[in-house]
Structure formats: structure tokens, C-alpha cells
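Remarks on the structure that follows.
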Amino acid sequence: MTKHTGQYAEFTSPDKHRFRAFVVHPSSPPRGALVLLHEMDARSPNRVHSSSHASLKPGLSQRIRELVKEHAARGYLVVAPSLFGRGRAGQDHGYRYQMGFSGEQLIQPLQPVDSSRAMLDVQTVVAWAEGEAHGRVGIMGFCWGGLLAWQAACTMPQVVAATSFYGGGMTHPEVRGLRPLCPVLVHLPSNGAWMRQEAMDEFVAVQRDQFVAHGAVSPGQKGPMLQIERYDAAYGFDHAGSRQHDPVASQLARLKTTAFFDAHLKI
């Protein structure tokens with residue numbers, strides 16, 4: 001496989017679902033592996049579809065592919081599964097929009113993509129990455145992918161560290177009470193359509209016994225560490241090119257994420 005440029009590989013989940021993932025190997029033996037989970041919004045004109053596959057399995061946006069390459073350049077084996085194949089093959093799954101008085105307005109996320117079934121695909125690439133990187137696997141995600149990364153951190157013992165960027169759905173009552181099995185870094189916006197301030201406050205309150213401010217471990221503390229960082233920025237602040245993008249918050253969150261994975265994925 002070409003170093004740093006990457007290519008798509010095909011995987012098969014336990015339920016026999018076939019999907020593609022964008023994989024980039026580092027130029028030297030990997031310092032660990034990262035599974036990168038995309039956001040629900042896939043309207044990027046740079047998304048890649050494969051015409052050579054009869055089912056037209058969807059690819060990933062240029063933004064996600066570039067993020068994969070960035071982390072691979074830092075020495076990680078990185079794999080980003082395309083989770084949209086769980087919907088209708090060949091369609092561009094993302095958000096539904098309509099034109100309103102003030103411009104394009106969000107109606108709702110598309111529903112055909114089932115998160116519980118998509119987790120089978122996440123589990124598949126995590127297991128593959130674990131074998132390739134000698135057991136040191138981290139996971140990170142954005143928006144819907146941030147929710148899946150949180151769920152993976154709470155249900156998959158193979159994951160040794162996880163980062164969630166504004167994980168839409170993390171604050172729902174049925175999810176916010178999960179307990180992480182590994183250190184988790186959570187980046188929260190100041191507000192957003194999918195993460196209300198009150199809901200984020202409730203998430204922090206429910207998780208308080210797992211929360212350690214600024215990564216400091218209290219004497220005698222047991223169990224995993226949950227580091228929560230909050231930013232004065234909108235939901236989606238890391239998505240360059242979007243109206244929500246906040247360069248300052250994005251850079252700060254990325255620096256913290258880099259340090260976090262460097263600390264927990266070192267071999």
C-alpha cells in the first residue's frame with residue numbers, strides 16, 4: 001500500500017456487510033493505530049465513489065482523507081471506515097437541507113444509517129488495526145463519528161484511548177451514562193443544534209466521577225480518566241470550510257488531541 005497517500009481497502013463485518021475504509025500506513029513501523037470516524041454531513045463535492053464496485057459503496061470526503069494522512073505522517077497507522085454504506089448503496093448520506101428565508105436550513109439527519117449496525121463496522125476496523133499495530137488502538141470521531149467514538153470507548157476493550165469532537169447524541173439520556181473503559185478526551189462546543197448547553201451540562205454532571213480537569217489524576221483515583229474541554233465556538237467548529245468553523249478552537253482542540261494520543265498510544 002502506498003505510504004502517506006493511502007487507498008481504499010474492503011472489510012467485512014460480522015453480519016457479512018461489506019464496506020470500504022481509507023487506510024494510510026506510516027513510512028516506518030507504526031507507533032500505534034488510529035481509527036477515524038467521519039461526521040454525518042457528507043455533502044463534500046470531493047467525496048469519492050467507486051464505479052468499479054457494483055454496489056457503489058460510498059467513499060469519504062477530502063477533509064477526512066486529509067486528516068487520515070496528517071495522522072499517518074506522525075507515525076500512526078490510520079483507518080477511516082466509510083459508514084454510509086449502511087444506508088442505501090450509492091446515495092450521498094448526510095443531512096437533509098432545504099432553502100429557507102435566511103438560506104440553507106437543516107431539516108434533520110438522514111435516518112437510513114443505523115448507528116448500532118455501524119458500530120459493527122467500527123468494531124471490525126478496530127480489530128484489524130489492533131492486529132496491525134500490536135494492540136495500541138485509539139479512536140477519534142466528529143459529530144456522529146464523535147458519538148460512535150464515545151460508544152466504542154465505553155464498549156470495546158481493545159480501544160486504549162478515544163477522542164470525541166462534539167459527539168452529537170452523546171448527551172442523550174440513554175448514552176450519557178455510559179462509563180468509558182479507557183481514557184477519553186471530549187471536545188464540547190459552547191452551543192449547537194445537536195448539543196444544547198443544558199444537555200452538555202447534564203453530561204458533565206453525570207460523568208463527574210470520571211472527570212479529571214486538565215488531565216490531573218487525583219490521589220487514589222480508580223478507573224479511567226475522562227477529560228472534558230469546552231470551547232467558545234459552535235458545533236462543528238473543526239470543520240474547515242463550513243460556516244461553523246472556528247480556526248482558534250480548531251487549532252487548540254487539535255493540539256490537545258495530538259498530545260493526548262501521543263501520551264496514550266506510545267509503545
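Throughout, read-outs are computed from the coordinates displayed, never taken from laboratory work. Being a predicted model, the structure only gives us computed values, none of them experimental. Backbone-built Cβ (ideal geometry, glycine too); neighbour counts: all protein chains shown.
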(request) Treat the count of other C-beta atoms within 10 Å as a stand-in for reagent exposure and order Leu67, Leu252 from fewest to most. (result) Leu252, Leu67
(request) Express in nm, to one decimal, how much length is gained between Val175 and Gln7 on full extension, taking 0.36 nm for each residue of separation and deducting their alpha carbon distance. (result) 57.1 nm
(message) Run the simple label-point estimate for Asp15 and Arg230 please: 7 Å along Cα→C-beta, distance reported in nm.
(response) 3.7 nm
(message) How far apart, in nanometres, would the label points at His134 and Ser27 be if each is projected 7 angstrom from Cα along the Cα-to-Cβ direction?
(response) 2.1 nm
(request) Pull up all non-local amide H partners of His239: gap of 5 or more, or a different chain, and H-to-H distance under 5 Å with H placed in the peptide plane. (result) Asp246
(request) Pull out the extension gain between Ala73 and Glu202, defined as 0.36 nm times the separation in residues minus the alpha carbon to alpha carbon distance; nm, one decimal. (result) 42.7 nm
(message) Suppose the chain between Leu252 and Thr155 were pulled fully straight at 0.36 nm per residue; how much longer would it get relative to their current alpha carbon spacing?
(response) 32.1 nm
